[in-house]
Amino acid sequence: MEIIEKFLASAKGDKTEDLIVETPDYFGIFDGVGGVRTDWLHEGRTMGQWGSYLAGEALKALPANATIADYSKLAAEMNATARYAFGLAPIERLASGALVLPRRKPHEVWVIGDSHFGYKLKSGEWKSCPQNKLYDEVTLNYRQILIKQEIMSRGMPHSQADRAELAQTVWSGVRDALSKQMLFANHPDPAERLGFGVVCGSAVPLHHLHAYTLPPDVAEIVLCSDGLPEAVPTADEGKAVIADLRATDPFLTGKNDLGFMGHKGGFVQLDGTLADWYDDVSYLRIGV
């Protein structure tokens, strides 16, 4: 197995909270979750960067024959040790989604969180396997109501100052729900539909650990974070999707199924400038 192409991109310049890890036994993509304390830094890393870093370090330490449950347990232990050492409160978690492809057969993709994967069969047929969580869908619906109401009442903003005002208004409306989402992380009750799995300092329940076995005739496998709406066969296609969204719907008002990402209204940041990406992106295309 070998990497055909990969890329990292960020709406935050060099402060990406996504991470790509390759080891002799695994490929991994880690999507760091923005922390509740946006001004917190330790050794130059944000909470989200620590989340993805620790998740990646756990993968590096994982034995070659491990299972997703083994990985989840090790990652949680390493994360909890760091959080206690940093003196963080329970809600101030260092969290990350994880998408892992072991270098062995049968080919299997491990999913903890909402990063996406897809694969191409030897026949050329492409299969996309998006991973979404209800919490994001609910937040998206509420955000779309807020942003559409603001645009209907004041008109589509065109100046940087007007874009900034709208982005800040929408962010103030959804900030609490987003910052407190970790209360539902690794919820132990499978009946709690707002619960979701994430790599942090607590155990991930079995119902939030997903291991997907791929067909034996798979030729290529794509792993990507949710900075893309779904996995696409090539990096260029992913970049084209984002460029089209930025040009046609920079506030992400509903011409797509994307959630509210980061401290901005779609591609529009809180200062009214337009970023090239609405969220961090990590992308791996692997040949089998």
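The values are calculated or read from the model by the stated rules, or taken from the named source; none is laboratory data. The structure presented is a predicted model; accordingly, all values stated were derived computationally and were not measured. Counting neighbours? That spans all protein chains shown, and the Cβs are built from the backbone with ideal geometry, glycine included.
Values computed for the structure shown
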item	result
Residue pairs meeting the criteria (Cβ under 8 Å; at least 6 apart or on separate chains; first within 11 Å of A75 (Cβ to Cβ), in the stretch 46-62; second in a helix (DSSP H, G or I) and among the charged types (D, E, K, R))	L62/D70
Top-ranked residue of the stretch 175-218 - restricted to ones that are polar (S, T, N, Q) and under 21 Å from W110 (Cα atoms), ranked as surrounded by the most Cβ atoms within 10 Å (Cβ to Cβ)	N186
From the options A247, A164, residue that is more than 29 Å from A69 (Cβ to Cβ), loosely packed, with under 14 Cβ neighbours inside 10 Å and over 18 Å from the mean Cα position of the chain (by Cα)	A247
When residues of the stretch 1-20 are limited to those that are part of a strand (DSSP E or B) and over 17 Å from the mean Cα position of the chain (by Cα), the one surrounded by the fewest Cβ atoms within 10 Å (Cβ to Cβ)	E2
Any chance R83 is under 30 Å from T38 (Cβ atoms) and either touching a Ser or Thr at 6+ places or on another chain (Cβ under 7 Å) or surrounded by 24 or more Cβ atoms within 10 Å (Cβ to Cβ) (or both)	no
Cβ pairs under 8 Å, 6+ apart, first in the stretch 20-44 and at pLDDT below 90, second part of a strand (DSSP E or B)	V33/S96; V33/G97
Tally, over the stretch 171-222, of residues that are under 17 Å from E137 (Cα atoms), assigned to a strand (DSSP E or B) and either without any contact (Cβ under 8 Å) to a residue 24 or more places away in the chain or not aliphatic (A, V, I, L, M) (or both)	1
Search result, residues across the stretch 250-284 that are among the acidic types (D, E), under 26 Å from P233 (Cα atoms) and modelled with pLDDT of 85 or more	D276, D279, D280
The stretch 153-169: number of residues that are in a helix (DSSP H, G or I) and within 16 Å of Q269 (Cβ to Cβ)	10
Residues that are free of Cβ contacts under 8 Å to residues at least 12 places away in the same chain and buried (at least 17 other Cβ atoms within 10 Å of the Cβ), drawn from the stretch 67-80	none
Of residues in the stretch 81-131 being of a type in the set (D, E) and without any contact (Cβ under 8 Å) to a residue 60 or more places away in the chain, the one nearest to Y53 (Cα to Cα)	E92
Failed item, numbered, when S225 is tested on (1) modelled with pLDDT under 85; (2) of a type in the set (S, T, N, Q); (3) under 18 Å from the mean Cα position of the chain (by Cα)	(1)
Residues satisfying the stated conditions in the stretch 21-49, i.e. over 13 Å from K60 (Cα atoms), assigned to a strand (DSSP E or B) and charged (D, E, K, R)	D31, R45
